[in-house]
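**Q** Right, I'll just put the structure down here and ask away after.
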Amino acid sequence: MSMSEPVANPYALFEDDHGDMTADARMAAIALKRERYISGQLYDLVNDNREAVERSLNNDLLALVVNERYRIMYATPVANDNVALRALKTRASLKREEAALLAFLRIRVLEYENTRTDQSEWLVSFEEIRAALASGAGYLASRNDEEGVLKQVGAIVSAMITYGYLNRLDDEAMYLITPLVPVVLDRELADTWLDTAARNLGDTTDSSESNAMDAGSAESSDADSNEPTDDIPDESLFTEPLFDASDGDAQTMIGNVDNEHDAANDTDSIMKEGE
């Protein structure tokens, strides 16, 4: 071979490929950037190609987060005030009724873990979710429109599926709680959220003005509102990458957060997530 001939790239997967990662490493990195979280074989694949995968994530201003107990990984935007560039994924906040449902799911997971129930059996029904949100101290308890409540609960459930906290099952009335729930929300914070919800219900009867303000807060898509937030959970406590917007379906549902990965496909898409 002539000294002037270029050396073939051993990692090339296509013509003019200048990449420096194996196919497995690329697969793992792409999954972390595309999905809410990864587990199973992809989890092991990342471990086998850890350095290359983290380098790829860092190039997109993302950092790898690993939870060994539940064997899941996810990519989070780097937190650095000195970095002016936007990461491939962005953060946002949950609406308070979504936060209430997340807290309810966390308590349910705790019950399952206390009885050593396998993750494949972490089930919750639509009716249980509706009852948690629309009765007792639920955020929707003050609403009298049953049809409207069912529609709103359905929208919240769909959002939680998009965020990776619930998975659909063959039985349309049942859902599987994912390990993301205990990863992003510990027991103490879940209890705090539920206690806050209970206090809110007692406060809603104080005045019609308070009711109007609460309803407005629940429907608001502005995660950076400067209005008083003493009556809702501190959303700064649950900002996690697992709520990142990274697909068009999520963006069409809730909120007002841009995501560079999908903005080119749908400039009218909107989304809201959080931790």
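This table checks each residue for (1) among the hydrophobic types (A, V, I, L, M, F, W, C); (2) closer than 24 Å to M160 by Cα; (3) within 18 Å of the chain's Cα centre (by Cα).
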position: R26; (1), (2), (3): no, no, no
position: K33; (1), (2), (3): no, yes, yes
position: L61; (1), (2), (3): yes, no, no
position: V65; (1), (2), (3): yes, yes, yes
position: A87; (1), (2), (3): yes, yes, yes
position: S93; (1), (2), (3): no, yes, yes
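**Q** Can you name every residue in the stretch 10-55 that is small (G, A, S) and either under 24 Å from V78 (Cβ atoms) or surrounded by 18 or more Cβ atoms within 10 Å (Cβ to Cβ) (or both)?
**A** Result: G19, A25, A28, A29, A31, S39, A52.
**Q** I'd like to verify a number: residues in the stretch 64-88 that are under 19 Å from A25 (Cβ atoms), buried (at least 16 other Cβ atoms within 10 Å of the Cβ) and modelled with pLDDT of 90 or more, how many?
**A** Of the residues in that region, 6 qualify.
The values are calculated or read from the model by the stated rules, or taken from the named source; none is laboratory data. Quick caveat: nothing in here was measured; it's all calculated off a predicted structure. Because the Cβ atoms are built from the backbone with ideal geometry, glycine has one as well, and the counts that use them run over all protein chains shown.
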